[in-house]
Each structure stands twice: as C-alpha cells, then as structure tokens.
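Worksheet: one structure, shown below.
Read the figures in this text as sums done on the coordinates, not as results from a lab. Everything numeric here is computed off the predicted structure, so don't read it as measured data.
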C-alpha cells in the first residue's frame, strides 16, 4: 500500500488492521483504544508522530461514531449532559491538536503512566463505584463540571491522544457519579467529538494518511460494533472488569517503556 507518499508493506498493513479491530473493541467497552492503535501506527517506517496522531484520529472517529450510535440506540444516554460536554471537548481537542507539534515526545508516556496508576488505584479502592448512577450534582453545576471535564480531556486528546476514552469513563464515574455502562455510552459521544475536532485541524495541516487510516478505520468499526454490543449485553460489572484489565496492561507496557 502507498499512502501519503509512504510505501507500507502488506504485513505491516495486516498488523495495523488487527490493531484497529482490537482498538475498536477496547474503545467501545472502556475507552483507551488509542493506546493499542497509536503505537501500532508508529511502527510504519518513515511516519512522523503528527502523521500517526492524525491517522489514529481518522480511524478512531470511524469506530467511535459507530459505538456511540450503538450505545445511543440501546442505552439512550441523557444528552443534556453529553451534548455540552461533547461541544466543549471538540473545542478543546481542536486547540490541543494545534499545539501537538510543540509537546516534547519524552514527556508523553510518563504523564499517561502516572494518570493510569491513579485511575487504577481509585477504581480498585472503591469497588462499588460505577455499579449504579448516583450523581453528585444536578442542574447547572452538573453541566458546568461535565463541560470543564470535556474541555480538559478534549485538549489532552488533541495534544496527546492515547487513553482519552479511559479518562472520560473514569471522569464520568469518579467525578460525576455515573454507572460504568452509562459512562461508557456518554464517553463514546464525547470521544467522537474530540476525534472530529482534532481531525479537522490535522486535515488542514495535511497530516492524515488517508488510505491507511480508512483501512484501519474499517477494522475499528467492526471491533467497535462488537464491543458496544457486548458491553450493553453484559452491563456495568463487565465494563468495570475489562476496564481494570486494560488499565493494568497499559500500566505494565508504559512502565516498561518509561523505565527501559
């Protein structure tokens, strides 16, 4: 395959398609599919970090859009929270993508690792968190907190990217008080908006590898559809278990990279 002027071997494309499917499934259930998909894209010889980020957004928005639609049809999440949160996240992601070229690569993984360790510790220490929706605030304060959360994580998504869905889920569960399943439904809607905001900016810079991104995106769609249906069928307990497994695996992998 030739995409964006890069000649990509068939074996590499196959690996990326497999990573796209797995990323779509993980992202639909608990978020964090970019931590599978982005490192795989960085294996492409000659690809720049910005091209990898942009192509990851292209594939990611295809999968998150499908999982968001699937969750919306089955769970029918309250859009009075999801809509302002998604709009704030879209603006934040566009701003973060504009700054992506300025962030030193050496600081990315330690930031993500530290955040994931805190998230895992919080979830393990409070096993009842996320079993049922118990909102901490209502009305305007709830919307304001959700919007600030969306803007902050959206900026991170445009700037760095990996783990955005995971951070959205833990924010919706730990900060706002949603159950894991409903948090996953809202996270997909917000994540689709962050991917769109970042992709628009990256596209204006000519960064995405469109052929490769579309190929990986088709696999991402398949994984996202399967993952969303499994999460809906099995409920919040299943989502919580997968969440802890994914976060634990990511901590091990990133810890190895940071300490190596």
Most mobile of 241, 218, 26 per a Gaussian network model of the chain (Cα springs, under 10 Å)?
241
Could you work out which residue, out of 64, 83, 138, moves most in a Gaussian network model of the chain, that is, has the largest mean-square fluctuation with Cα springs under 10 Å?
138
Pick out which of 82, 228, 193 has the largest mean-square fluctuation in a Gaussian network model of the chain, springs linking Cα atoms closer than 10 Å.
82
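Please compute the contact order of the chain in relative form: average sequence separation of alpha-carbon pairs under 8 Å and at least six residues apart, divided by the residue count, as a percent. Each step should come with its number before you reach the end.
Working: 490 pairs, mean separation 102.0, N = 260.
The value is 39 percent.
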How tilted is helix 79-99 with respect to the longest principal axis of the chain? Cα atoms for both, answer in degrees (0 to 90, nearest 10).
30 degrees
Answer label, with P(r) over Cα pairs in 10 Å bins from 0, in percent calculated from the coordinates and candidates (1) 6, 27, 32, 23, 11, 2, 0; (2) 8, 34, 39, 16, 3, 0; (3) 7, 29, 38, 22, 4, 0:
(2)
Go ahead and estimate [θ] at 222 nm for the chain from helices alone: -39,500 (n - 2.57) per DSSP H run with n ≥ 4, summed, over the residue count, rounded to 500.
-26500 deg cm²/dmol
The chain: angle of helix 210-259 to the longest principal axis, Cα-based, in degrees nearest 10
70 degrees
